[in-house]
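Student: I'd like to ask some things about the structure below.
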Amino acid sequence: MNREERRAFVREHRTAVFGYGRKSDGPAQSIVYYVSDGDDLLISTMGERAKAKAVGRLGKVSLCVLDEKWPPTYVVVYCDARIEREPKAVVDLMMRIAGVMAGKEMPENVRPMVEAGAKKEGRVVVRLTPYATFCTPPRHVHGEQDVNEKLTHELGNL
């Protein structure tokens with residue numbers, strides 16, 4: 001994929017593996033929904049979750065954006081990250097994420113319930129500003145006929 005194809009892939013999908021460095025042990029990962037905001041990507045999380053704490057501590061994360069169809073294709077996005085706490089932005093994001101999850105925009109009549117949930121859970125916006133992407137063209141084996149001289153791998157690209 002070239003740069004524009006990677007950008008389109010990220011814009012057209014909705015789930016990713018959110019990766020960050022832990023204080024100890026290996027890296028942590030969790031599945032998240034995300035939305036685009038211009039060139040930035042936004043996720044919603046609770047301010048007391050490890051994701052938010054890692055953003056405050058490190059300011060760098062990765063997203064492995066997943067194609068939800070089999071066989072899987074992915075793009076890894078490396079990002080500068082920061083936490084935003086403005087209540088309206090938090091609720092707006094939660095409304096958008098709920099719409100992504102439901103497959104349709106949320107009606108305004110659910111906003112008070114979403115706002116109450118955001119406050120109760122201490123939700124925040126994690127704003128991700130991509131600075132690099134990485135992908136490896138997928139090579140898949142669907143049957144024994146696919147194991148041949150054309151089944152090669154190559155280095156990914158940024």
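Student: Might you let me know whether the range 94-101 holds any residue that is outside any helix (DSSP H, G or I) and either touching a residue at least 24 places away in the same chain (Cβ under 8 Å) or touching a Leu at 6+ places or on another chain (Cβ under 9 Å) (or both)?
Tutor: The answer is no, given that none of the residues of the range 94-101 is outside any helix (DSSP H, G or I) and either touching a residue at least 24 places away in the same chain (Cβ under 8 Å) or touching a Leu at 6+ places or on another chain (Cβ under 9 Å) (or both).
Student: Further, regarding this structure: Only one residue in 43, 31 is loosely packed, with under 14 Cβ neighbours inside 10 Å, closer than 23 Å to residue 120 by Cα, under 11 Å from the mean Cα position of the chain (by Cα) and not acidic (Asp, Glu), so which one is that?
Tutor: That would be 31, the only listed residue that is loosely packed, with under 14 Cβ neighbours inside 10 Å, closer than 23 Å to residue 120 by Cα, under 11 Å from the mean Cα position of the chain (by Cα) and not acidic (Asp, Glu).
Student: Another question, if that's okay. Could you check residue 6 against (1) touching a residue at least 40 places away in the same chain (Cβ under 8 Å); (2) of a type in the set (D, E, K, R); (3) outside any helix (DSSP H, G or I) and say which number it fails?
Tutor: Of (1) touching a residue at least 40 places away in the same chain (Cβ under 8 Å); (2) of a type in the set (D, E, K, R); (3) outside any helix (DSSP H, G or I), only one is false for residue 6: (3).
Student: Go through the range 102-129 and give me each residue that's out of contact with any helix residue (DSSP H, G or I) (no Cβ under 8 Å at 6 or more places or on another chain), at pLDDT 95 or above and not in a loop (DSSP other than H, G, I, E, B).
Tutor: Across the range 102-129, the qualifying residues are 108, 109, 112, 113, 116, 120, 121, 127, 128, 129.
Student: Among the residues of the range 4-14, write down those that are out of contact with any Phe, Trp or Tyr (no Cβ under 6 Å at 6 or more places or on another chain) and surrounded by 15 or more Cβ atoms within 10 Å (Cβ to Cβ). Explain how you work it out, then say what you get.
Tutor: From the range 4-14, those out of contact with any Phe, Trp or Tyr (no Cβ under 6 Å at 6 or more places or on another chain) are 4-13; that's our starting set.
Correct list: 6, 7, 9, 10, 13.
Student: Inside the range 10-38, can you point out the residues that are under 23 Å from residue 98 (Cβ atoms) and not in a strand (DSSP E or B)?
Tutor: Those that are under 23 Å from residue 98 (Cβ atoms) and not in a strand (DSSP E or B): 10, 11, 12, 13, 14, 34, 38.
Student: Quick one: count up the residues across the range 86-109 that are surrounded by 12 or more Cβ atoms within 10 Å (Cβ to Cβ) and over 19 Å from the mean Cα position of the chain (by Cα).
Tutor: 1
Matching residues to (1) in a strand (DSSP E or B); (2) touching a strand residue (DSSP E or B) at 6+ places or on another chain (Cβ under 6 Å):
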{"site": "41", "(1), (2)": "yes, yes"}
{"site": "48", "(1), (2)": "no, no"}
{"site": "54", "(1), (2)": "no, yes"}
{"site": "61", "(1), (2)": "yes, yes"}
{"site": "65", "(1), (2)": "yes, yes"}
{"site": "77", "(1), (2)": "yes, yes"}
{"site": "80", "(1), (2)": "yes, yes"}
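Student: Any residue that is under 12 Å from residue 126 (Cα atoms) and free of Cβ contacts under 8 Å to residues at least 12 places away in the same chain - is there at least one of those in the range 53-67?
Tutor: Yes, because at least one residue in the range 53-67 is under 12 Å from residue 126 (Cα atoms) and free of Cβ contacts under 8 Å to residues at least 12 places away in the same chain.
The values are calculated or read from the model by the stated rules, or taken from the named source; none is laboratory data. Note that the coordinates shown come from a computational prediction; the quantities given were computed from them, not determined experimentally. Quick reminder, even Gly has a Cβ in these numbers, built from the backbone with ideal geometry, and neighbours come from all protein chains shown.
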